[in-house]
Each structure stands twice: as structure tokens, then as C-alpha cells.
Amino acid sequence: MRIRWLPLMAGLLLATAAVADPAIPRDPTDQIEVSPANEVLELTWSDTEERLQGGIRPASPREGQPLQVSLHVGSFEGDSFDGPLVLTLREVGATHGQTVTVKRGERDWQATFTPESSGPYLLDVGFRTTRHKVIHARFEVGGSPIPRMLGWGVLGLGLLVLLGYTVHNILSGERPQERTPAGSAEEQVPPATAAPAPAAENPIAATPPTPGADAPAAIEAPIASTAPASGSEAPAEPAATAEEKPPSLP
């Protein structure tokens, strides 16, 4: 009886050791680890043959905004992997989505997607090495910061205001660049200058008389002589007075 129990006990011990020993390799998983870091969602994955590293920008994807995927696939042994990647962005639960086939660039594989709605999404990465492999990265897509209908309404209102302003300028015949500032008309008029005071005619300086000196003779104002106009009679000479008559002969 003891001999029969020995194989059974040995099998139980081996099974327990296999479960408890972490050095025994496990089956590879098809889930890509996603971890936010600064402005990117870091993507990491590996199995016994290949490893994948990359990221999704921005770190907080939004509905209606493009996101960029950058990936690099390397091999642990053998030649490096240079084949194309088949990338698919789809909502969780959906069987189809946006699919692109990307060739390797200078360093990695890149693609751009635009999620059409918010919610949980899956990024499927497919490639072929020793066999065809498909791995998945799960992340959340947030709603748009401004509702789409509200954004279109604001844009339409702005276009209407611009159109109305343009039509008003055309009908009024006035262009904005031809308007004259209010202060320019006043600046063009030169300021009025005060007229000089008229000079006094024939000014006579008053000089006080010197004691003991004779008084100066009065200065008679010159009489302006006017020539008779042509065709008019010369004025009659005044009659001589008695003092001006010549003396009578004896």
C-alpha cells in the first residue's frame, strides 16, 4: 500500500513546485500595458520572442482630436523585425474600426487616428514573426472640451457677423481704411495770428523846453498838393489880399 502512494505523493510535490516556482515561463499574454507618463501613454509588451515599446500622444485623448501612435518592435534573438504592422483603433465591443498598415520608418512605426466618440477604446497591433500575433492596448477617450454643435454654432455666428459688417461697408461706400480721424481736420487748420497794431502817423516826440532857450518854432504840417485830374478845370487862384498888393508909385 505504501508503494502505491509513493508515485501519487511525488506527483503532488512536483505540481506544487511548478506552481510556486516563478522561474518557469508562463504563456505570453496579448495585453499591452498602458501607463500614463507626462504627455504620453507609454505602451510596453513582451513575450519569449519579441518585445514592443511605444506611446500614444496626447496622454489624454479627446473625441474628435487626432492622436498619434508610435511603436517599436524588437526581437530577443535572430534578425531584427522590419515587417509592417497592422494597426486598428476601435471601440471596446466593436469588431471593426479604423485600420491602417504601417511600414517601418527610420526608427519606428507611426500612425495617426481620430476617435469619433468618447469612451473605452482598443488599439490592436498585428504582426507576423514565427507566427501571426495580435496584441491589444486599452485606453480611455474623453469627451470634447466644447460640444461639437456649440462649436459649429459659434463659428456660424462669427461668419454671419463678418458678412453683415462687410455688406454694411459696401452699401455705405466707406472703407475702414479711408476713415479720417476726428482730430486730423482740426490739426490741418493753422492757428490764427494776431494782426500787428497800426503805426502812428507822423509821431512827434514831446521834448521839454530847456530853461533860457528860445522855444522852437512850430513845425507846420506839410500840405499835400493834389494835381488836378485830367479834363477837369483848374481851381481859381484866391484873390490877393491888401498886404500882398504892390506899393503904389509916387
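In segment 27-57, how many residues are under 17 Å from Gly126 (Cα atoms), acidic (Asp, Glu) and surrounded by 14 or more Cβ atoms within 10 Å (Cβ to Cβ)?
3
Looking at segment 134-164, which of its residues are modelled with pLDDT of 85 or more and either surrounded by fewer than 11 Cβ atoms within 10 Å (Cβ to Cβ) or among the acidic types (Asp, Glu) (or both)?
Once the filter is applied, which keeps residues that are modelled with pLDDT of 85 or more and either surrounded by fewer than 11 Cβ atoms within 10 Å (Cβ to Cβ) or among the acidic types (Asp, Glu) (or both), segment 134-164 yields Glu140, Gly156, Leu157, Gly158, Leu159, Leu160, Val161, Leu162, Leu163, Gly164.
Looking at segment 84-105, is at least one residue at pLDDT 85 or above, more than 43 Å from the chain's Cα centre (by Cα) and open to solvent by 80 Å² or more (accessible area, probe 1.4 Å)?
No, there is no match, as no residue in segment 84-105 is at pLDDT 85 or above, more than 43 Å from the chain's Cα centre (by Cα) and open to solvent by 80 Å² or more (accessible area, probe 1.4 Å).
Which of the residues belonging to segment 115-133 are open to solvent by 30 Å² or more (accessible area, probe 1.4 Å) and either among the acidic types (Asp, Glu) or modelled with pLDDT of 95 or more (or both)?
Across segment 115-133, the qualifying residues are Glu116, Pro120.
Among the candidates Ser75, Ser60, which residue alone is under 20 Å from Lys133 (Cβ atoms) and small (Gly, Ala, Ser)?
Testing whether each residue is under 20 Å from Lys133 (Cβ atoms) and small (Gly, Ala, Ser) leaves just Ser75.
The values are calculated or read from the model by the stated rules, or taken from the named source; none is laboratory data. Worth saying up front: this structure is predicted, and the values here are computed from it rather than measured. Positions of Cβ are generated from backbone atoms using ideal geometry, with glycine treated the same way; all protein chains shown enter the neighbour counts. Ligands, DNA and RNA are excluded from the accessible area calculation, which covers all protein heavy atoms including side chains. Shrake-Rupley method; radii C 1.70, N 1.55, O 1.52, S 1.80 Å.
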